[in-house]
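Participant: Next up is a structure, given as structure tokens.
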Amino acid sequence: MNKYIVSAMCGCLFFVNGFSQTKTIEELLNQIEQNNTALKGYQSYIESQQLENRSNNNLPDPQLSGYYLPFGDNVTGDYIEYQISQSFEFPTVYAARGKWNESKSQQLTSAYANKRLEILLKAKNTLLELVFLQKQKAIETERKTQSKQVFDQIQELFNKEQVGILDLNKGKIAWIQEQFVVEQIESEIQILQSKLKTLNGGNEISGISTGLTLPVEVGAVESLWQEKLSNDPLLQELKAIETSSLQKVKLEKNKVLPNVALGYNYQGVSGSNYSGFYGGVSIPLWNSKNKVKAAEANYEYQQSNTQVITTSLYAQFQQTYNRYELMLEKYNEYQTTIGNLNNEELLFKAYMLGEYSFMDYYVELQFYRKASDRMLEMEKELQLLQSQLLKHQL
């Protein structure tokens with residue numbers, strides 16, 4: 001029995017070999033990234049937004065207008081006039097808007113990277129939970145087999161009238177409980193597999209190994225935070241939003257400059273005509289009022305918002321890091337104390353030799369099983385905390 005528990009706890013050392021025969025977590029996550037429908041849809045959304053942003057920097061359509069005036073009291077003939085013109089904003093506006101569009105494209109790219117990270121983190125955590133459920137199922141299946149052996153022995157003793165009906169019922173209940181635990185785990189495995197299938201665009205996930213890395217040191221908190229500052233997409237998105245708001249200020253300042261119109265004009269009446277160039281400028285009195293101030297206020301807000309969110313993220317990061325360090329310390333203590341002991345196997349042998357009554361055996365067994373289960377649960381929590389701390393590396 002204990003060899004299964006030790007394998008579940010410490011067999012993780014075979015992570016590389018185990019996954020080389022199937023698939024690594026990185027390969028599975030890459031598969032999910034390629035198939036995830038939400039990410040595919042967001043890529044289309046980004047493309048549409050980028051095209052729309054570029055279209056906003058196009059010139060307005062040329063304008064053709066004309067007059068034909070045959071009515072009225074005139075002796076010189078019908079009056080004809082037409083004009084074709086092209087209006088446009090001051091040239092520097094297009095350059096400023098182009099830079100603004102570039103910053104918005106970077107913002108969209110960062111938003112996609114952040115969305116990708118959230119989906120991959122969810123997928124990775126689901127994979128981790130699935131792997132630990134599979135390891136737990138192996139342990140509980142062995143426990144169920146052992147409970148059946150104990151029940152069969154009690155049944156045999158009951159048939160020989162060496163034990164009473166109460167002991168028989170207790171042995172049967174213990175066996176039934178183990179069966180129920182295995183069935184519950186199988187149900188939870190099916191739920192997680194369904195979640196992974198959804199994340200994988202409706203495709204089944206296969207090749208999942210029970211091998212996992214043992215919890216390891218993730219590095220000093222400050223160096224890890226600096227790495228996160230440089231690579232975390234959420235923080236990159238905040239910087240992109242801030243840059244975009246600054247470019248908006250520059251754009252609004254350029255839009256204060258007058259718009260320009262150029263064209264050709266023709267006027268004619270009874271063989272006499274005039275033609276030449278047309279030009280005009282707008283007088284920027286009303287349209288740009290308060291827009292620069294609004295853009296500057298928004299830029300100041302984005303700077304403050306970046307600082308507030310970064311501070312909050314650091315507090316959450318520090319909290320997660322502290323939890324990880326504490327959990328790792330306790331896990332190492334557990335592993336040192338019970339990781340290499342054959343408690344359950346020794347208890348089972350003692351019971352089969354008649355050194356323990358069923359109740360004494362069962363009480364002792366539950367104590368060690370709870371300790372073993374807690375160590376397995378701690379290992380899973382460590383993996384999930386480590387996954388959160390190293391989220392930016394996905």
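Participant: Residues to consider are Gly18, Gly66, Gly72, Gly41; find the one that is out of contact with any His (no Cβ under 6 Å at 6 or more places or on another chain), more than 30 Å from Gln106 (Cβ to Cβ), small (Gly, Ala, Ser) and modelled with pLDDT of 80 or more. Steps first, answer last, please.
Facilitator: On the way: Gly18 fails: modelled with pLDDT of 80 or more; Gly72 fails: modelled with pLDDT of 80 or more; Gly41 fails: more than 30 Å from Gln106 (Cβ to Cβ).
Step by step, each of Gly18, Gly66, Gly72, Gly41 is checked, and only Gly66 is out of contact with any His (no Cβ under 6 Å at 6 or more places or on another chain), more than 30 Å from Gln106 (Cβ to Cβ), small (Gly, Ala, Ser) and modelled with pLDDT of 80 or more.
Participant: Output the residue which, of all residues in the stretch 256-279 that are without any contact (Cβ under 8 Å) to a residue 24 or more places away in the chain and not polar (S, T, N, Q), is farthest from Val75 (Cα to Cα).
Facilitator: Selected residue: Gly279.
Participant: What are the pairs with Cβ atoms under 6 angstrom where one residue, in the stretch 166-195, is surrounded by 13 or more Cβ atoms within 10 Å (Cβ to Cβ) and the other, located anywhere, is in a helix (DSSP H, G or I) and among the aromatic types (Phe, Trp, Tyr)? Sequence gap at least six, or different chains.
Facilitator: Asp167/Phe358; Leu168/Phe158; Gly171/Phe151; Lys172/Phe151; Trp175/Phe151
Participant: Looking at the stretch 214-237, can you tell me whether even one residue there is in contact (Cβ under 8 Å) with a residue 40 or more places away in the chain, surrounded by 13 or more Cβ atoms within 10 Å (Cβ to Cβ) and under 30 Å from Pro91 (Cα atoms)?
Facilitator: yes
Participant: For the list (1) surrounded by fewer than 19 Cβ atoms within 10 Å (Cβ to Cβ); (2) in contact (Cβ under 8 Å) with a residue 12 or more places away in the chain, I need the number of the one condition that Asp152 fails.
Facilitator: In the conditions (1) surrounded by fewer than 19 Cβ atoms within 10 Å (Cβ to Cβ); (2) in contact (Cβ under 8 Å) with a residue 12 or more places away in the chain, Asp152 misses (2) alone.
Participant: Next question. List, please: which pairs have Cβ atoms under 7 Å, are six or more places apart or on different chains, and start with a residue in the stretch 290-304 that is closer than 13 Å to Lys239 by Cα and end with one that is surrounded by 13 or more Cβ atoms within 10 Å (Cβ to Cβ) and of a type outside the set (A, V, I, L, M, F, W, C)?
Facilitator: Hits for this filter: Tyr299/Ser245; Gln302/Glu242; Gln302/Ser245; Gln303/Glu242.
A quick yes/no check of all residues on (1) exposed (fewer than 11 other Cβ atoms within 10 Å of the Cβ); (2) of a type in the set (A, V, I, L, M, F, W, C):
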residue: Glu27; (1), (2): no, no
residue: Glu33; (1), (2): no, no
residue: Thr37; (1), (2): no, no
residue: Ser44; (1), (2): yes, no
residue: Arg54; (1), (2): no, no
residue: Leu59; (1), (2): yes, yes
residue: Pro62; (1), (2): yes, no
residue: Ser65; (1), (2): no, no
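Participant: Could we say that Gly98 is surrounded by fewer than 18 Cβ atoms within 10 Å (Cβ to Cβ) and not in a helix (DSSP H, G or I) here? So that I can check it myself, show each step before the final result.
Facilitator: Working: surrounded by fewer than 18 Cβ atoms within 10 Å (Cβ to Cβ): yes; not in a helix (DSSP H, G or I): no.
Answer is no for this residue.
Participant: Among the residues of the stretch 318-326, is any surrounded by fewer than 16 Cβ atoms within 10 Å (Cβ to Cβ), at pLDDT below 95 and more than 30 Å from Arg369 (Cβ to Cβ)?
Facilitator: Taking every residue of the stretch 318-326 in turn, at least one turns out to be surrounded by fewer than 16 Cβ atoms within 10 Å (Cβ to Cβ), at pLDDT below 95 and more than 30 Å from Arg369 (Cβ to Cβ).
Participant: Here's a check for you: in the stretch 236-259, which residue that is among the aliphatic types (A, V, I, L, M) and at pLDDT 90 or above is farthest from Leu390 (Cα to Cα)? Don't jump to the end; show me each part of the working.
Facilitator: First, pick out the residues of the stretch 236-259 that are among the aliphatic types (A, V, I, L, M): 238, 240-241, 246, 249, 251, 256-257.
This time we only want the ones that are at pLDDT 90 or above, so: 238, 240-241, 246, 249, 251.
Numbers: Leu238: 19, Ala240: 22, Ile241: 24, Leu246: 31, Val249: 36, Leu251: 38 Å.
Looking at the filtered set, the residue picked out is Leu251.
Matching residues to (1) touching a residue at least 40 places away in the same chain (Cβ under 8 Å); (2) under 33 Å from the mean Cα position of the chain (by Cα):
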position	(1), (2)
Gln319	no, yes
Ala350	no, no
Tyr368	no, no
Met375	yes, yes
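Participant: I need every pair where a residue in the stretch 130-146 that is closer than 14 Å to Ile191 by Cβ has its Cβ under 6 Å from the Cβ of a residue that is assigned to a helix (DSSP H, G or I) and among the polar types (S, T, N, Q), sequence separation at least 6 or different chains.
Facilitator: Short answer, once both residue conditions are applied: none.
Participant: Within the stretch 262-314, take every residue that is touching a Leu at 6+ places or on another chain (Cβ under 6 Å) and within 30 Å of Leu59 (Cα to Cα) and give me the one that is surrounded by the most Cβ atoms within 10 Å (Cβ to Cβ).
Facilitator: Among residues in the stretch 262-314 that are touching a Leu at 6+ places or on another chain (Cβ under 6 Å) and within 30 Å of Leu59 (Cα to Cα), the one surrounded by the most Cβ atoms within 10 Å (Cβ to Cβ) is Tyr299.
The values are calculated or read from the model by the stated rules, or taken from the named source; none is laboratory data. On a predicted model such as this, the values are computed, not experimentally measured, just so you know. Because the Cβ atoms are built from the backbone with ideal geometry, glycine has one as well, and the counts that use them run over all protein chains shown.
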